[in-house]
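Structure first, commentary second.
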Amino acid sequence: MPALTAILISYNEEQDLPRALASLAGIADEIILVDSGSTDRTCEIARSFGARVHARKLDNFAEQKNYAASLASNEWILCIDCDHELSPELRSSMLAWKRETPGKNGYEILLLTNYLGGWIRHSGWYPEFKLLLYHREKGKYVNGLHESVQMEGSPGRLNGHLFHYTIRTLAEHQAKLEAMSTLAAEDMFARGRKSWRAAMIFASPWTVVQRLVFQLGILDGRRGWLIAWHSGNYIYLKYRKLGRLLAGEKLARRSWPNPGEA
């Protein structure tokens, strides 16, 4: 029976964290939360669920999660965000997995996202599989902005959804776009990207069409239209900001609304 450590990274997550930690009951043999300076009850809540809490300044999401994994007492890592929740079917699947000898070095889990109070079944957001369960000697997080697990061998898949409770308001969505587009622009600038005008002009409307038509976002109704519009706006913002960086401007840094989401 493989022992399992669940890891989470946090910043002011008191609203979502109890749901995430409750869903880990009976699944995780150990819970580690790495916090980047919360000013609410995040750390207190985590400790009330028996989690080990560590403080670390956030540099990027990949390194924060790798640091959390390095603190684990067990070889198997389940990395979820504070706004995630294991569905009953996923819990059953993981309990079955724990009763056997793992045949893979890691396992993908299917996310189902709740946006503005409704579940999204299209729009490029579903189906979305993420490698979140892995043997820490065989995998690690890479890429600072859109982090993912790089692992030896092909992953298996578990049954059931990992519920993802994301944006609650349009103002929250816009704030995340501002933060993400700044990080994306700085990442492109650091990697030497020079071209930006054509992408800003053409990639933004194409993204809207892609979300609505080719990824069937129109079937998600009003939420699908909003996802498409904000996706296009993100593309526009990140390339416009890259242009500003290339012109010698310095971008204003905004606090990241949720360091568990990239």
Quick one: count up the residues across segment 78-116 that are in contact with a strand residue (DSSP E or B) (Cβ under 6 Å, 6 or more places away or on another chain) and under 14 Å from HIS135 (Cα atoms). 7
Of all residues in segment 185-200, count the ones that are more than 22 Å from the chain's Cα centre (by Cα) and surrounded by 12 or more Cβ atoms within 10 Å (Cβ to Cβ). 6
LEU110 vs. criteria in contact with a Pro (Cβ under 9 Å, 6 or more places away or on another chain), in the same structural domain as ALA22 (by TED's automatic domain parsing) and within 19 Å of GLN64 (Cβ to Cβ): no
Being over 17 Å from ALA6 (Cα atoms), polar (S, T, N, Q) and over 17 Å from the mean Cα position of the chain (by Cα) narrows ASN159, ASN143 down to just ASN159
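Kindly indicate whether LEU8 is in contact with a Cys (Cβ under 9 Å, 6 or more places away or on another chain), buried (at least 19 other Cβ atoms within 10 Å of the Cβ), assigned to a strand (DSSP E or B) and at pLDDT 95 or above. Spell out the reasoning first.
Details: in contact with a Cys (Cβ under 9 Å, 6 or more places away or on another chain): yes; buried (at least 19 other Cβ atoms within 10 Å of the Cβ): yes; assigned to a strand (DSSP E or B): yes; at pLDDT 95 or above: yes.
Spelling it out, LEU8 is indeed in contact with a Cys (Cβ under 9 Å, 6 or more places away or on another chain), buried (at least 19 other Cβ atoms within 10 Å of the Cβ), assigned to a strand (DSSP E or B) and at pLDDT 95 or above.
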Taking SER87, is it touching a His at 6+ places or on another chain (Cβ under 8 Å), among the small types (Gly, Ala, Ser) and assigned by TED's automatic domain parsing to the domain that holds LEU131? yes
Does HIS135 meet the test of being exposed (fewer than 15 other Cβ atoms within 10 Å of the Cβ) and either closer than 30 Å to MET94 by Cβ or of a type outside the set (A, V, I, L, M, F, W, C) (or both)? no
Consider GLU128 against the criteria (1) touching a His at 6+ places or on another chain (Cβ under 9 Å); (2) crowded, with 19+ Cβ neighbours inside 10 Å: it satisfies all of them except one. Which criterion is unmet? (2)
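The values are calculated or read from the model by the stated rules, or taken from the named source; none is laboratory data. Source: prediction; values computed, not measured. Cβ coordinates were reconstructed from backbone atoms using ideal geometry, including for glycine residues, and neighbour counts include every protein chain displayed.
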